[in-house]
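S.K.: Sharing a structure, written as structure tokens. Questions coming.
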Amino acid sequence: MFIAPWIIGFMVFTFGAMIFSLYISFSNYRLVTNTATPAGVANYAELFDDPKVMVSLSNTLFYATLAVPLEIAFALVLAMLLNRVGRGAGFFRTVYYLPKMTPSVATAAVFLLLLNGNTGAINEGLALIGIQGPQWLVDPDWVKPSIVLMTLWGVSGTMIIFLAALKNVPRDLYEVASLDGAGPVRQFRTITIPMISGAIFFNVIVLTIAALQTFDQAYLLFWRDQSNASPESSLFYAVYLYIQAFRQFNFGVAAAMAWLLFMIIMIITFVQVKFGNRFVYYEGDKD
């Protein structure tokens, strides 16, 4: 009875919407008249004929491959630094978490200024040490790294999970390792990583799913203004799905794209669970 409101909301707004999107993926749906005519698998066939679908999918996969390891590493470093803070730890945790609370539009506006190839603060900082900064928002080779930088700005959610995991690592293990002559690097490799492997495993799966659905960063930086020609390297899968649905009104094709992405995420997650779970240490394990 207590979870009934959530169950009802899930059935209506999530599961019900998924079933309806599956229905319209096999039809030509018109939003104005709310009518759908059968189309068979034509919408799915169109996905393989449209080169932009493969371009957007490859951009998204490349971004996920680049962003997820960097997010894991950056969040873990921040968590380990905060874990060492004694007095004033609550203040620093709050400060580090504030970027997560910043609205996406505000974050995009800030990064449009920071990543400006001519007057941006990042390139001006690089110039001070003799490095010529790239055209972040124009050069196709630097478009996805610029989106990764914006993503790292909101890594504090992952950091909090790592921080909680680090707090649960028994201090006795480090003391015994120190007595045996193990240095910080070996302690990190043989104690910290195995003991927080569950948190790493969880974050990898969650961040991968989020990366494959990336929309806000690419859309706000490159596709919000329809009058400008955006580089093809910034065309992410979710952005192209949005364009198909709400600019070209091809709702059947957009629904088919959504289900294709759903299947891709399911396959990648299955592979991660199948092969990653064997490297995770669980407290109840006997080995």
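S.K.: Go through (1) closer than 30 Å to Phe201 by Cβ; (2) surrounded by fewer than 20 Cβ atoms within 10 Å (Cβ to Cβ); (3) among the hydroxyl-bearing types (Ser, Thr, Tyr) for Thr119 and report which single condition fails.
M.R.: Result: Thr119 passes all but (1).
S.K.: Being without any contact (Cβ under 8 Å) to a residue 24 or more places away in the chain, closer than 16 Å to Ala245 by Cβ and of a type in the set (S, T, N, Q) is the filter here; which residues of region 22-55 pass it?
M.R.: Asn34
S.K.: Of the residues Leu152, Leu163, Leu137, Leu112, which is under 25 Å from Ile191 (Cβ atoms) and either loosely packed, with under 11 Cβ neighbours inside 10 Å or touching a Leu at 6+ places or on another chain (Cβ under 7 Å) (or both)?
M.R.: After applying the criteria, what remains is Leu163.
S.K.: Right, next: Looking at Leu47, Leu81, Leu76, Leu66 in this structure, which one is among the hydrophobic types (A, V, I, L, M, F, W, C) and in contact with a Lys or Arg (Cβ under 8 Å, 6 or more places away or on another chain)?
M.R.: Of the residues listed, the single one that is among the hydrophobic types (A, V, I, L, M, F, W, C) and in contact with a Lys or Arg (Cβ under 8 Å, 6 or more places away or on another chain) is Leu66.
S.K.: Further question on the same structure: Being at pLDDT 90 or above and touching a Pro at 6+ places or on another chain (Cβ under 6 Å), is that true of even one residue in region 59-78?
M.R.: No: zero hits.
S.K.: Is it the case that some residue within region 230-237 is crowded, with 19+ Cβ neighbours inside 10 Å and within 18 Å of Ser21 (Cβ to Cβ)?
M.R.: Scanning region 230-237, I find at least one residue that is crowded, with 19+ Cβ neighbours inside 10 Å and within 18 Å of Ser21 (Cβ to Cβ), so the answer is yes.
S.K.: Looking at region 94-126, which of its residues are hydroxyl-bearing (Ser, Thr, Tyr) and in a helix (DSSP H, G or I)?
M.R.: Thr94, Tyr96, Tyr97, Ser104, Thr107
S.K.: Helices (runs of 4 or more DSSP H) wholly in region 127-215 with at least 2 residues that are among the acidic types (Asp, Glu) - which ones?
M.R.: 171-179
The values are calculated or read from the model by the stated rules, or taken from the named source; none is laboratory data. A quick note: this is a predicted structure, and the numbers were derived from the prediction, not measured. When we count neighbours, we look across all protein chains shown, and the Cβ atoms used for this are built from the backbone with ideal geometry, even at glycine.
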